[in-house]
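**Q** Here you go, one structure.
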């Protein structure tokens, strides 16, 4: 349901701020349907705060996160909570995590965090756990069971026996196209925990999993991939309404595998190419994904963004907030049993910038 | 005496002439071997490797940002579309100019001279990662 600008300004009483940081004027539906009351949560991801030296940080990435926080603060009614989807830091440094958390502290509302590989591979999550919290956990909110996974683990041999120093390991994992990289995985210990966690949840309870990497296999060379994805998918199979929301890929992606809906969130830092634009290797980008518009590098926030999610009827609809671009909504469609772009899903509606090469 | 000196000079001239002839045969354009091909390819691939290193290093700019942060495997650089009308600049440019735009803006660095060995290395790596894709100059 849309809302005109005047009504929005009246509601927020923040005319000046809204003029400076325009937010999509979407009124959130709070009608309630069935047993799940309508609610929304905000989602910010992949900030990649990068230290140059001392108190100097890369301005471009800082501005992405600052802008997302400012825009998210204008959402009304307020989302119930926020998620941060991982890769707060670029090289896992305390300075980067601290600076990222400082920017995030301006966000009004409770924030929960998912860890990304850029946060992890310097000290293996030590500082993260001191400052932010556990690497995997679950919580319940208004009839929905939410699970946060640490999906960016890998083989012990790669983590513990390959690199001369923690920073060498961090730099190796930070390079997306590194032929000496290693595939992400959730790992058996965490999968055993997940099994136990889900055992107490009724099968008609909506379950939403937050992970950094896709819990599906799209393109291994860039780790758009989780090695043991099938094991996690098997645990989600009994649930009538299961959803996985992931970061890492810095682009709009969505998919449906059996009963599980997959949706990616945008980065605030920079966009990544779709795997098809690397002409030397095949990829498995989900066929139903309508790509985001090809980035215009001359507008540094183009093809970045943040999003809010509504949980109407227990399935997710992601409202992508895309600065310098058209906002998009990808929502689960009960009729087709798949997530759909609300505007561009039909081939005849697609536009030239959605062509990537 | 005079005849013998003339004879010696003539022999020397003939030898020099033959020498030139031999050299000119050896640099005939179509006379190269498998070994030559291998060496030339190695020369090219060593420059590609230099380009790959530069592309993944923070030495081109001043803010530690590297090209691969936005362009893994040099993807989304579409070298086959250059030269093209770069609508944001309002003129037709080559890929080298776009590389310099990236060095100056996201990397906050100084542009490279267009004949700089580093520029050649970057072009070599970017084009190598796009090998086999048909040329499409001007494409958007």
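A short reminder: the numbers here are calculations on the coordinates, not readings from a lab. Keep in mind that this is a model prediction, so the values were computed, not measured. Positions of Cβ are backbone-derived with ideal geometry, glycine not excepted, and every protein chain shown enters the neighbour counts.
**Q** Pairs of alpha-carbon atoms within less than 8 angstrom and 6+ residues apart define the contacts here; what relative contact order does chain A have, in percent?
**A** Relative contact order for chain A comes out at 15 percent.
**Q** What's the average, rounded to a whole number, of partner chain beta-carbon atoms within 10 Å of each residue's beta-carbon in A:46-53?
**A** 2
**Q** Now, a different point. Between residue A:56 and residue A:199, what is the label-to-label distance in nm when each label sits 7 Å out along the Cα-to-Cβ direction?
**A** According to this spin-label approximation, the distance is 5.5 nm.
**Q** Shifting gears a bit: Debye calculation, C-alpha points only, no solvent: report log10 I(q)/I(0) for segment A:160-309 at q = 0.16, 0.19, 0.21 Å⁻¹, in the same order as the q values.
**A** Once normalised to I(0) and log-transformed, intensities are -0.98, -1.25, -1.38.
**Q** Arrange the peptides A:167-179, A:340-352, A:242-254 so that the one whose residues have, on average, the most other Cβ atoms within 10 Å appears first.
**A** Answer by packing, highest mean first, reads A:242-254, A:167-179, A:340-352.
**Q** Can you classify segment B:39-140 as rounded, prolate or oblate using the Cα gyration tensor, where a ≥ b ≥ c are the square roots of its eigenvalues, rounded means a/c under 1.5, and otherwise it's prolate if a/b beats b/c and oblate if not?
**A** Note, shape of segment B:39-140 comes out oblate.
**Q** Taking one equal scatterer on every alpha-carbon of the protein assembly as shown, how large is log10 of I(q)/I(0) by Debye at q = 0.08 1/Å?
**A** Values returned for q = 0.08 Å⁻¹ are -0.53.
**Q** Can you tell me how segment A:89-199 classifies by the Cα gyration tensor, rounded, prolate or oblate, using a/c under 1.5 as the rounded cut?
**A** Note, shape of segment A:89-199 comes out oblate.
**Q** Follow-up. Round to a whole angstrom and tell me the spacing of the C-alpha centers of segment A:272-289 and segment B:45-118.
**A** So the two Cα centres are separated by 22 Å.
**Q** Per-residue mean of other chain beta-carbon atoms within 10 angstrom of the beta-carbon, peptide A:288-300?
**A** 2
**Q** How big is the antiparallel share of DSSP beta bridges in the protein assembly as shown, given as a percent to the nearest 5?
**A** Around 60 percent antiparallel, to the nearest 5.
**Q** Another one. What spacing in nm lies between the two simple spin-label points modelled at residue B:38 and residue B:104, each 7 Å away from Cα in the Cβ direction?
**A** Label-label distance for residue B:38 and residue B:104, simple model: 4.5 nm.
**Q** A follow-up question, please. Please give the FRET efficiency for residue B:114 paired with residue A:282, using the beta carbon to beta carbon distance and R0 = 30 Å, rounded to the nearest 0.05.
**A** Result of the calculation: an efficiency of 0.25.
**Q** With r defined as the distance between the Cβ atoms of residue A:217 and residue A:129 and R0 fixed at 25 Å, what FRET efficiency is calculated, to the nearest 0.05?
**A** Here the calculated transfer efficiency is 0.30.
**Q** Okay, next question. For the pair residue A:70/residue B:135, report the inter-label distance in nm, with labels modelled 7 Å from Cα in the Cβ direction.
**A** So the two model labels end up 4.6 nm from each other.
**Q** Using the per-residue mean of other Cβ atoms lying within 10 Å as a proxy for protection, in what order, highest first, do the peptides A:318-331, B:51-64 fall?
**A** A:318-331, B:51-64
**Q** Label segment A:67-122 by shape, choosing from rounded, prolate and oblate, from the square roots a ≥ b ≥ c of the eigenvalues of the Cα gyration tensor; if a/c is under 1.5 it is rounded, and otherwise prolate applies when a/b is larger than b/c, oblate when it is not.
**A** prolate
**Q** From other protein chains only, count the Cβ atoms within 10 Å of every residue's Cβ in B:128-137, then give the mean.
**A** Across B:128-137, the average partner-chain Cβ count within 10 Å equals 2.
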